[in-house]
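*Asks:* Attaching a single structure in structure tokens format; questions to follow.
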Amino acid sequence: AAPALPPVAPADTDGAIAAARAAYAGVALDIEQALERVRLACTLPAYADVVQVACLLLSNIQKYPEERGFRSLRLRNQLVHTRVAVHEGGLALLRALGFALGDVEADEPLLLLEEPDVQRQFEEWAGWFERLKANIARLEAELRTLRVAPLPTAVKGAQQLEPTRGRRQGPQVATLHGSSGRSM
């Protein structure tokens, strides 16, 4: 079983890097296997969080495929780390969705969902985009089963939103809705 990321202290990235590399070293699971692994390892609310965040990540990429910032995930990003990566199977799910372990940027694990060049490799890009849409549809179906609403997608050019208190989604939405040109 691929390990979940241990909680990361601000100055300690070694554990996160090791866990990410270990999770990406084994055999890749498909989306159904990865969802099952997370579901069996988590409480129902935690599982819903994982699916909700994964769906948001892909929905933002679908909405703005040209924005590398949406296709790059820093594993120490609070939302990604605390609601996906720390759960057993969370990294396997991101891998099943197409995120690959990238170079360690400033000693920080980075996952990338590479987009084929639409101008030079249109058929490959079209297949990539269809897989992206199919994965979103699967995650949205899972959210409907769980009776959980998807998180709202980013608005291009929006400034960092202020977290709203009292709503479950507030701080997490603000975390992802900053400048779309930056990595999460």
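The values are calculated or read from the model by the stated rules, or taken from the named source; none is laboratory data. Given the structure is predicted, the values throughout are model-derived calculations rather than measurements. We place every Cβ from the backbone using ideal geometry, glycine too, and count neighbours over all the protein chains shown. Areas reflect the complete protein model, heavy atoms only, side chains present, ligands, DNA and RNA absent. Shrake-Rupley method; radii C 1.70, N 1.55, O 1.52, S 1.80 Å.
*Asks:* Between beta-carbons, use under 13 Å as the cut-off and find the net charge around Cys55, counting Lys and Arg +1, Asp and Glu -1.
*Replies:* Taking every Cβ under 13 Å from that of Cys55, the sum is +2.
*Asks:* Between segment 64-78 and segment 31-61, what is the C-alpha centre distance in whole Å?
*Replies:* 17 Å
*Asks:* Okay, next question. Please work out the average accessible area per residue across segment 17-111, using the 1.4 Å probe convention, and give it in Å².
*Replies:* 38 Å²
*Asks:* Then there's this: Ignoring ligands, DNA and RNA, what percent of the accessible area of segment 49-93 is carbon or sulfur (1.4 Å)?
*Replies:* Carbon plus sulfur share of accessible area: 39 percent.
*Asks:* Let me ask another. For Ala100, what residues show an amide H to amide H distance below 5 Å, using hydrogens built from the backbone and excluding near sequence neighbours?
*Replies:* For Ala100, whose amide H was placed from the backbone, the distant partners under 5 Å are Leu112, Leu113, Glu114.
*Asks:* Read phi for every residue in segment 59-74 and hand back ³J(HN,Hα) as whole Hz from Karplus 6.51 cos²θ - 1.76 cosθ + 1.60, θ = phi - 60°, with x for Gly and Pro.
*Replies:* Coupling constants for segment 59-74: 5, 5, 5, 4, 5, 9, x, 6, 8, 4, x, 7, 9, 10, 10, 8 Hz.
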